[in-house]
Amino acid sequence: MTKYNLEAQKRELFGKKLKKLRRQGILPANLFGKTTDSTAIQLKLRDFERVYKEAGETSVVYVKVEGEEKDRPVLISNLHFDPITDLKLHVDLHQVNLKEKVTANVPVEIVGEAELIKTGEAVLNQSINEIEVEALPTDIPDSITFDISGFKEIGDHLNVSDAKVPSAVEITTDLDLVVVSLSEPQKEEVIAPPVVEGEEGAQTTEGEPAKVEGEEAITGAEKTPDSETSKAE
């Protein structure tokens, strides 16, 4: 099993000053746990991205905080992004006890192919992207797979109860929920725009000005009255 490691330092900057850290390639973080005080730390963004790409939020990561003797086993629990730039702003690290069960959200992975989808006779609907499980931190699976190769007709589906997980993992999401299903493709209804009778028999589509033959278009600028002919009597 791969062991994921990160080095961290205690953080002394907060609030608006965090922009300075981010410009230096540093990711602000908060380390918390059931039996530990919340600790403000910082990580090298490049190192975090490398580990996060492989570990995700389901694998234990061992964080070595500068000045401490032991590594802290954590799960990456919440990564905050800038909604406009998608820049990573902050991450929460949940320190865990490797001998105590925790709950975690495990990504759903769809595998296999259905012939009806390949021929365009059906579309695949995925209703659930994550399934909550309870297990020891080191037993949490990376993903839970659902094989759709057995789908043969419209209405075929798989529920949470169809998930196959190790015996050490308990699913806590409602087992009756539908995860993925086949349905008919939606047909796009083409609606012709309403026709409105315009002046002098001219026809227009709703919301557009009538164009009368022989009449030149007049812009807002050209509608300005001439100063010599618009004087009040």
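For the range 144-165, filtered to residues that are in contact with a Leu (Cβ under 9 Å, 6 or more places away or on another chain) and either of a type in the set (Val, Ile, Thr) or in a strand (DSSP E or B) (or both), the residue that is nearest to Pro185 (Cα to Cα) is Ile154.
Look at the range 50-72: where a residue is modelled with pLDDT of 95 or more, no partner that is in a helix (DSSP H, G or I) and among the charged types (D, E, K, R) sits 6+ places away or on another chain with Cβ atoms under 6 Å. The set of residues in the range 89-101 that are touching a helix residue (DSSP H, G or I) at 6+ places or on another chain (Cβ under 7 Å) and surrounded by fewer than 19 Cβ atoms within 10 Å (Cβ to Cβ) contains only Leu98.
Can you confirm whether Lys19 is farther than 30 Å from Ile148 by Cα, without any contact (Cβ under 8 Å) to a residue 12 or more places away in the chain and not in a strand (DSSP E or B)? Full working, then the answer.
Details: farther than 30 Å from Ile148 by Cα: yes; without any contact (Cβ under 8 Å) to a residue 12 or more places away in the chain: yes; not in a strand (DSSP E or B): yes.
When the stated conditions are applied, Lys19 passes them.
What residue, of Ser77, Ser161, Ser143, Ser149, is over 29 Å from Gly25 (Cβ atoms) and surrounded by 13 or more Cβ atoms within 10 Å (Cβ to Cβ)?
So the residue among Ser77, Ser161, Ser143, Ser149 that is over 29 Å from Gly25 (Cβ atoms) and surrounded by 13 or more Cβ atoms within 10 Å (Cβ to Cβ) is Ser143.
Would a scan of the range 22-42 turn up a residue that is crowded, with 16+ Cβ neighbours inside 10 Å, outside any strand (DSSP E or B) and at pLDDT below 95? Looking for residues that are crowded, with 16+ Cβ neighbours inside 10 Å, outside any strand (DSSP E or B) and at pLDDT below 95, one finds at least one in the range 22-42, hence yes. Among the residues of the range 1-16, the ones that are surrounded by 13 or more Cβ atoms within 10 Å (Cβ to Cβ), part of a loop (DSSP other than H, G, I, E, B) and not aliphatic (A, V, I, L, M) come to 1 in all. Filtered by the rule that a residue be modelled with pLDDT of 95 or more, closer than 23 Å to Leu31 by Cβ and in a loop (DSSP other than H, G, I, E, B), the range 83-136 gives Val96, Asn97, Leu98, Lys99, Glu100, Lys101, Leu136.
For the range 88-101, state whether one or more residues are of a type outside the set (D, E, K, R) and either free of Cβ contacts under 8 Å to residues at least 40 places away in the same chain or within 13 Å of Leu158 (Cα to Cα) (or both).
We begin by selecting, within the range 88-101, every residue of a type outside the set (D, E, K, R); these are 89-91, 93-98.
If we keep only those that are either free of Cβ contacts under 8 Å to residues at least 40 places away in the same chain or within 13 Å of Leu158 (Cα to Cα) (or both) too, we end up with none.
The answer is no; no qualifying residue exists.
All conditions but one from (1) at pLDDT 65 or above; (2) in a loop (DSSP other than H, G, I, E, B) apply to Leu182; the one that does not is (2). Would a scan of the range 151-158 turn up a residue that is of a type in the set (Gly, Ala, Ser) and within 30 Å of Val65 (Cβ to Cβ)? No, the conditions are met nowhere in the range 151-158. Do we have Lys64 as exposed (fewer than 12 other Cβ atoms within 10 Å of the Cβ) and of a type outside the set (A, V, I, L, M) here? The answer is no for Lys64.
The values are calculated or read from the model by the stated rules, or taken from the named source; none is laboratory data. Predicted, not measured: the structure shown is a model, and the values here were computed from it. Neighbour counts are summed over all protein chains in view; Cβ atoms, including those assigned to glycine, are modelled from backbone coordinates with ideal geometry.
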